[in-house]
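The values are calculated or read from the model by the stated rules, or taken from the named source; none is laboratory data. Everything numeric here is computed off the predicted structure, so don't read it as measured data. Please note: Cβ atoms are built from the backbone with ideal geometry, for glycine as well, and neighbour counts cover all protein chains shown.
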Amino acid sequence: MKAKKALSFLMTATLAATMLAGCGGGRGTEEAVQAADPNAPNFFTGAMSVLQPLIDDGTLVVVSGQTDFTQCATIDWDNSKAQSRMDAILAGNYSDIEIDGVLSPNDGIARAIITSCENAGQPIPVVSGLDAENESVEWVWSGRQYSTVAKPTNALVAETVSIIDSLLSGNGMPATDVTANNGVIDVPIYELPPVVVTKDNAKEVFADDPDRMALLTD
């Protein structure tokens, strides 16, 4: 579980950094949307490790003031609940200003956020996503969603097979320099870096995935 938390922290820190890059370094009026499940607090911590220093120094302005986990949580990863929260945030805080960016923990919620902004007459802000769902891959390619994150199954399978082969040959677990502390010891982990997908690199990321490449049409 601790290793999973470490990877969740890395993932949402990556999402936060990607959103900031899309906003040109962070121009203000950003909101964070997280999903409430047992792993959600670590998602939130990872994102805020990147965002909080910029909120503290005034680079980012969260106009709604909702920066606490309990305020930002979306129960059950429910897209409709996320959209309703975004509707309320926009109506209460952005009637006369534009929102620049929104940190979303997955693609479904990202699309709900974007739909809310469109319905409110807002220009589409920079919105992150996660999972590289087909619909969001299309939205990234069309420019509606700024980014998603692909978790390459092929690399995961290859790493797993490598571990199994090493164990079967009697060589034990392959060496790794990456660890996560579980409160007792540093546990070796095999970390596969998340792959951020934007319109600029989508064809490169999915070059070996014909099904995804078929989605990248003008």
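Scanning segment 158-206 for residues that are within 22 Å of the chain's Cα centre (by Cα) and of a type in the set (A, V, I, L, M) yields VAL178, ALA180, ILE189, LEU192, VAL195, VAL196, VAL197, ALA202, VAL205.
When ASN154, ASN182, ASN171 are checked against the criterion of being in contact (Cβ under 8 Å) with a residue 60 or more places away in the chain and more than 22 Å from ARG111 (Cβ to Cβ), a single residue qualifies: ASN182. Within segment 162-181, if we keep just the residues that are among the polar types (S, T, N, Q) and either touching a Lys or Arg at 6+ places or on another chain (Cβ under 6 Å) or in a helix (DSSP H, G or I) (or both), the residue that is farthest from CYS23 (Cα to Cα) turns out to be SER166.
State which residue is farthest from MET19 (Cα to Cα) when the search covers only segment 183-218 and only residues that are among the small types (Gly, Ala, Ser) and exposed (fewer than 13 other Cβ atoms within 10 Å of the Cβ). Looking at residues that are among the small types (Gly, Ala, Ser) and exposed (fewer than 13 other Cβ atoms within 10 Å of the Cβ), I get GLY183. All conditions in (1) in contact with a helix residue (DSSP H, G or I) (Cβ under 8 Å, 6 or more places away or on another chain); (2) more than 18 Å from THR18 (Cβ to Cβ); (3) surrounded by 13 or more Cβ atoms within 10 Å (Cβ to Cβ) hold for VAL149, with the sole exception of (2). Of the helices (runs of 4 or more DSSP H) lying entirely inside segment 49-161, those containing at least 2 residues that are at pLDDT 90 or above and of a type in the set (Asp, Glu) span 107-119, 134-142.
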